[in-house]
Amino acid sequence: MAEIAKTFRVPGRHGYAVEMSPYLTSRLACATSQYYGIAGCGTLLVLEQTESGISLVRSFDWNDGLFDVTWSENNEHVLVTASGDGSLQIWDTNNPMGPLQVFKEHTQEVYSVDWSQTRAEQLIVSGSWDSTAKVWDPAASKSISTFQGHEGVIYSTIWSPHIPGCFASASGDSTLRIWDMKTRGTRIAIPAHQAEILTCDWCKYDQNFIVTGAVDCSLRVWDLRNVRQPISDLSGHSYAIRRVKFSPFHRTVIASCSYDFTVRFWDFSKTEPLLETVEHHTEFVCGLDFSLHIPNQVADCAWDETLKIYTPLCLACPS
């Protein structure tokens with residue numbers, strides 16, 4: 001059981017993604033949708049963690065479901081969301097009137113969005129159900145590159161925190177792909193699972209390590225120098241894994257959330273890698289993130305209309 005969680009309830013909104021601010025210690029954002037994202041509108045919640053709980057700073061409504069959110073890496077007030085209408089929205093928490101900009105090129109739902117983390121660039125990558133990934137310059141009015149190659153829905157697109165112009169994508173075609181802005185093509189294509197892959201994330205400490213999570217209920221850690229087989233295969237979830245995140249404080253610690261209503265914590269360097277199972281939601285858990293400021297603090301969100309912030313016991317105590 002995790003330490004006592006702070007809870008924020010959002011009636012009528014189902015959580016899809018949560019991301020802690022890279023700038024402000026207590027700030028976080030949550031992308032939500034009405035009616036489980038099948039119909040209705042979406043709401044971006046900007047939240048503040050306080051000593052006693054979680055308070056709403058600002059909310060922004062959009063006319064379709066919001067499926068992902070990412071903070072700007074060069075402006076503490078700016079966020080980007082991904083929507084079911086095929087668009088991306090850029091928001092400013094200081095501007096309550098609506099999005100600063102809307103990018104509309106994808107022809108189906110945008111399920112993933114991420115802001116580049118390397119100092120050399122300020123770029124956004126998006127992944128869509130139209131099987132393409134697109135890279136955007138926030139200062140431009142249209143995408144600067146479109147990446148084609150996946151044969152199924154793209155569920156996840158994540159920039160490398162180490163290599164400029166390099167991002168990973170996970171797809172319903174059962175592959176993980178690594179892309180390069182310089183060549184505008186695939187560097188590596190890995191048949192990572194024999195099922196749809198819903199999520200991936202890069203290790204913060206090693207540019208060659210990446211983890212995938214799939215409908216087959218497994219997590220696999222890959223070393224990109226030798227992709228013939230994973231260096232770790234983590235099983236324990238009983239339904240599809242919706243999101244996975246590497247810890248920013250531990251090289252081999254991973255968190256995953258699932259349609260089995262749980263969040264699980266793993267250390268793939270250990271013989272028994274499953275550290276803890278957190279069961280504090282009553283619906284699909286879709287959003288998950290580690291704080292960059294408060295070691296081992298985690299936020300998650302679910303379709304039960306709640307967002308929670310907590311520190312799992314397995315990480316609160318010295319191992």
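The values are calculated or read from the model by the stated rules, or taken from the named source; none is laboratory data. These numbers were taken from a predicted model, which means no experiment stands behind them. Every residue, glycine among them, receives a Cβ derived from its backbone with ideal geometry; neighbour counts consider all protein chains shown. When the accessible area is computed, the model is the full protein with side chains, heavy atoms only, and any ligands, DNA or RNA have been set aside. Shrake-Rupley method; radii C 1.70, N 1.55, O 1.52, S 1.80 Å.
Key figures for this structure:
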read-out: Segment 151-170, residues that are over 15 Å from the mean Cα position of the chain (by Cα) and either part of a strand (DSSP E or B) or farther than 18 Å from Val211 by Cα (or both); value: Glu151, Gly152, Val153, Pro164, Gly165, Cys166
read-out: Yes/no for Arg225 being over 13 Å from Lys245 (Cα atoms), among the charged types (D, E, K, R) and surrounded by fewer than 14 Cβ atoms within 10 Å (Cβ to Cβ); value: yes
read-out: Index of the failed condition, Tyr36 passing every other in (1) part of a strand (DSSP E or B); (2) modelled with pLDDT under 95; (3) of a type outside the set (A, V, I, L, M, F, W, C); value: (1)
read-out: Pro22 vs. criteria touching a residue at least 60 places away in the same chain (Cβ under 8 Å), closer than 22 Å to Val110 by Cβ and assigned to a loop (DSSP other than H, G, I, E, B); value: yes
read-out: Odd one out for Thr175, checked against (1) farther than 30 Å from Cys41 by Cα; (2) of a type in the set (Ser, Thr, Tyr); (3) in contact with a Leu (Cβ under 6 Å, 6 or more places away or on another chain); value: (3)
read-out: Candidates Gly236, Gly287 - the one that is in contact with a strand residue (DSSP E or B) (Cβ under 9 Å, 6 or more places away or on another chain) and on the phi > 0 side of the Ramachandran plot; value: Gly236
read-out: Where Thr81 falls short, out of the listed (1) outside any loop (DSSP other than H, G, I, E, B); (2) surrounded by fewer than 20 Cβ atoms within 10 Å (Cβ to Cβ); (3) among the β-branched types (Val, Ile, Thr); value: (2)
read-out: Unique match (being open to solvent by 40 Å² or more (accessible area, probe 1.4 Å), of a type in the set (S, T, N, Q), over 16 Å from the mean Cα position of the chain (by Cα) and farther than 20 Å from Phe268 by Cα) among Gln148, Gln207; value: Gln148
read-out: Any chance Thr277 is surrounded by fewer than 21 Cβ atoms within 10 Å (Cβ to Cβ), in contact (Cβ under 8 Å) with a residue 40 or more places away in the chain and under 16 Å from Val18 (Cα atoms); value: no
read-out: Where Phe60 falls short, out of the listed (1) modelled with pLDDT of 95 or more; (2) closer than 17 Å to Asp304 by Cα; (3) open to solvent by less than 40 Å² (accessible area, probe 1.4 Å); value: (2)
read-out: Subset of segment 240-268 that is of a type in the set (D, E, K, R) and part of a strand (DSSP E or B) - its residue that is nearest to Thr311 (Cα to Cα); value: Arg264
read-out: Every residue from segment 44-60 that is of a type in the set (Asp, Glu) and more than 20 Å from the chain's Cα centre (by Cα); value: Glu51
read-out: Among the candidates Ile188, Ile197, residue that is among the hydrophobic types (A, V, I, L, M, F, W, C), more than 20 Å from Gln117 (Cα to Cα), open to solvent by less than 10 Å² (accessible area, probe 1.4 Å) and touching a strand residue (DSSP E or B) at 6+ places or on another chain (Cβ under 6 Å); value: Ile197
read-out: Subset of segment 114-171 [of a type in the set (S, T, N, Q), in contact with a Ser or Thr (Cβ under 7 Å, 6 or more places away or on another chain) and under 21 Å from Glu19 (Cα atoms)]; value: Gln122, Ser126, Ser156, Thr157, Ser169
